Each structure stands twice: as structure tokens, then as C-alpha cells.
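Please treat every number below as a calculation from the coordinates, not as lab data. Just so we're clear, the structure is a prediction, and the values are computed from it rather than from any experiment. FYI the Cβ positions are ideal-geometry reconstructions off the backbone, even for glycines, and counts take in every protein chain you see.
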Amino acid sequence: MQDRFGTFSLLINRISRNIYRIKNKEIAAFNLKSTHVSCLYHLYKNDGLTATDLCQRCEEDKAAVSRSLDYLEKNEYVICKSEQPKRYKSPFYLTAKGREVGKEIIDKIDKILDAVGSGITEEERALFYRYLSSISNSLENIANNL
């Protein structure tokens, strides 16, 4: 491959941009933002996560997750059973509304992933994710040591 950097950068950017476009089109009906969807997704998969947990799983900063949780709580998607003023380490749970919307989001994600992976075997998918994870870890290691 002659232009490894150009090809790699182009493909990663195209994938990222298309994921962003799909997310925005698919969630428009819910009146949610991308970070809201990420929080709902992770809470649907593991109810009772703290804001700290969500920061790590969503790869978002503390402020973005805090704003998302405030929005989701005000719009009755999540509840926090803690009465403490600093609730950053308190678990959040999906409400019935949050669980319903979370299920719809999961179903949409599964449908898209099925379409994306229709020509790929399970073995190829596992190998792809192993390589992608290795590249991601290497890039993170390089970025952290600059």
C-alpha cells in the first residue's frame, strides 16, 4: 500500500462521519443528542451506572455526561435515587420511559449492525475487531507518550 496514512485517515474519517450521520437521523424522532443515546445505551445494557462509569464507557468528558444526565433526568428517562448534592458517584437507573426508548435504540443499532456486517463471517468480524482494537491501543499509547 503506497499511501497508508491517507487511506487509513480517509476510511476512519468516513466511518466516523457516517456513524454520526446515522445516529443523528435515527435519533431525531426521540429529540435526543448523540451523548444522550450513548448514556441510554449503556444504562440499558447495565442499569445502575454512575456518571463516572458513563464517562468511561461513552468516552465523554465529565461535563458532557453531566449535561446528558441532567437532560435525561428532567425528561424522565433516568432517575437517581441518591439525595446527595454531589451525585457523580451515585447510580442512575432507567425509568419505564427510558427502558422503552433504550429498547428502540438497541433495536435500531442491531438492525444497522446486521446490515453493515451482512457480508462478513463471525471469524472475520472477530479478527477485524482484534486488529482495530490493537490499532486503537497503539495510537492511544503513542498519543499518551507525546
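Ranked for footprinting exposure by Cβ neighbours inside 10 Å, fewest first, Cys55, Cys80, Cys39 give Cys80, Cys55, Cys39. Considering only DSSP states other than H, G, I, E and B, which GluC sites (Glu not before Pro) in the range 57-146 qualify as loop sites with at most 12 other Cβ atoms within 10 Å? Qualifying residues, ordered by number: Glu59, Glu76, Glu83. Distances between placed amide hydrogens fall under 5 Å for Val78 paired with Glu73, Thr95, all partners being 5 or more residues away or on another chain. With bins 5 Å wide starting at 0, give me the P(r) of the chain over every alpha carbon pair, in whole percents. Result, from short to long distances: 2, 8, 14, 18, 18, 15, 12, 8, 3, 1, 0, 0 percent.
Between Arg14 and Ala29, the distance separating the two model label sites (each 7 Å from Cα on the Cα→Cβ line) works out to 2.9 nm. Projecting the Cα positions of Phe92, Tyr129, Leu54 onto the charge dipole of the range 32-144 (unit charges on Cβ atoms of Lys, Arg, Asp and Glu, taken about the Cα centre) puts Phe92 furthest along the positive direction. With the simple model of a label 7 Å out from the Cα in the direction of the Cβ, Phe128 to Glu73 spans 3.9 nm. The GNM of the chain, with springs linking C-alpha atoms under 10 angstrom apart, assigns the highest mean-square fluctuation among Tyr88, Tyr77, Tyr131 to Tyr131.
Qualifying trypsin sites (Lys or Arg not before Pro) in the range 51-89, where qualification requires a DSSP coil assignment and no more than 11 other C-beta atoms within 10 Å, comprise Lys81, Lys86, Lys89. Spacing of the modelled spin labels on Gln84 and Asp3, each 7 Å from Cα toward Cβ, amounts to 5.3 nm.
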